[in-house]
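Undergrad: Below you'll find the structure I mean.
Please treat every number below as a calculation from the coordinates, not as lab data. None of the values given here were measured: they were computed from a predicted structure. FYI the Cβ positions are ideal-geometry reconstructions off the backbone, even for glycines, and counts take in every protein chain you see.
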Amino acid sequence: MNANDLQSKLIEAARKEPLFDQVPYAFEKRIMARLAGMVPLNYWALWGRPLWRAALSCVALTLLCGLWSMMTPAPKSDNPDNFAQAFDRAVYASSDQHSVEDIW
Amino acid sequence: MEPTDAELIAAVVQGDTASFEPLIRKYQPRVFATARRYARRESEVEDIVQEVFIKAFQKLGGFRGEAPFEHWLMRLAMRTCYDFLRAHQRNRETSFTELSQPETDWLDQFVVEPDAADEHAEAARQLIGRILARLSPSARLVITLLEIEERPVKEIAQITGWSVPLVKVRAFRARAEMRKILAKITKAKYM
């Protein structure tokens, strides 16, 4: 007996089997009863909600920083303790004391 | 005029749960027919169909409408059937109970005259049903989709989420698995 032929014959039998698509009476009502109280998941809304929250927090933080910088008095430019001038002095301190040839 | 699928889906996503009922009514015969290919008991079939529609309702927000709703739903149905097979893997038949008299007669006829054995016969359908019930979940799914429903490999890959080479490998293994089962049935009786 050829097993391949038997396999083909049985698969042919399965292909020819008519599809049984009968539905039990009022089956959709049963499913609707199960669905009562459920809400379909909206993936865009799931992502959107935390993103909106994060955006609002960022805007609030920006506004606070802006307000703080406006309220704080700006440092005077002729102030000897000005940070930029102090930084320059520190960087060029060694070159002021010795010339480049002395170092080499 | 009846609302279209897209209108009903939009209404459900907006929170009108009742709009889901016409969708169930429209597509439940196809889902039942699919589920009956993978489960024998009617209670199991009903459980599968119920799960398919509940999953569809929950995931409806993710349906983008790029393909028809029916295709999306049938893909979901097929995956639910596969999950069912995997969950009930332990319960699948592991040994062959005695063949029924019509099944034995059909096999006898096939041995004597293969062409005369009618593939429309109820005995042949029962026999293939028993064989499919003994296959592993992936083998059963691939044999059903590829051999019985005659779907292209590419479509099976889309339905199952497997790659095309994996579908081909699983189809090869499934045919071998089926031949092994057939050999077991026939060995005792005819060889």
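Undergrad: Being more than 9 Å from chain A (Cβ to nearest Cβ), crowded, with 16+ Cβ neighbours inside 10 Å and within 18 Å of A:ARG30 (Cα to Cα) is the filter here, so list the residues in segment B:6-22 that pass it.
TA: Selection gives B:SER19 alone.
Undergrad: Take segment B:27-46 and flag every residue that is out of contact with any Lys or Arg (no Cβ under 9 Å at 6 or more places or on another chain) and without any contact (Cβ under 8 Å) to a residue 12 or more places away in the chain.
TA: Scanning segment B:27-46 gives B:PRO29, B:ALA33, B:ARG36, B:ARG41, B:SER43.
Undergrad: Out of segment B:32-71, which residues are under 23 Å from B:ALA139 (Cβ atoms) and more than 9 Å from chain A (Cβ to nearest Cβ)?
TA: B:ALA35, B:TYR38, B:ALA39, B:ARG40, B:ARG41, B:GLU44, B:VAL45, B:ASP47, B:ILE48, B:GLU51, B:VAL52
Undergrad: Do any helices (runs of 4 or more DSSP H) entirely within segment B:1-111 hold 3 or more residues that are aliphatic (A, V, I, L, M) and farther than 23 Å from A:ALA33 by Cα, and if so, which?
TA: On the way: elements: B:5-13, B:20-38, B:42-59, B:69-87.
The qualifying helices (runs of 4 or more DSSP H) are B:69-87.
Undergrad: Where in segment B:124-191 are there helices (runs of 4 or more DSSP H), lying wholly inside it, with at least 3 residues that are surrounded by fewer than 16 Cβ atoms within 10 Å (Cβ to Cβ) and without any contact (Cβ under 8 Å) to a residue 12 or more places away in the chain?
TA: Result: B:164-190.
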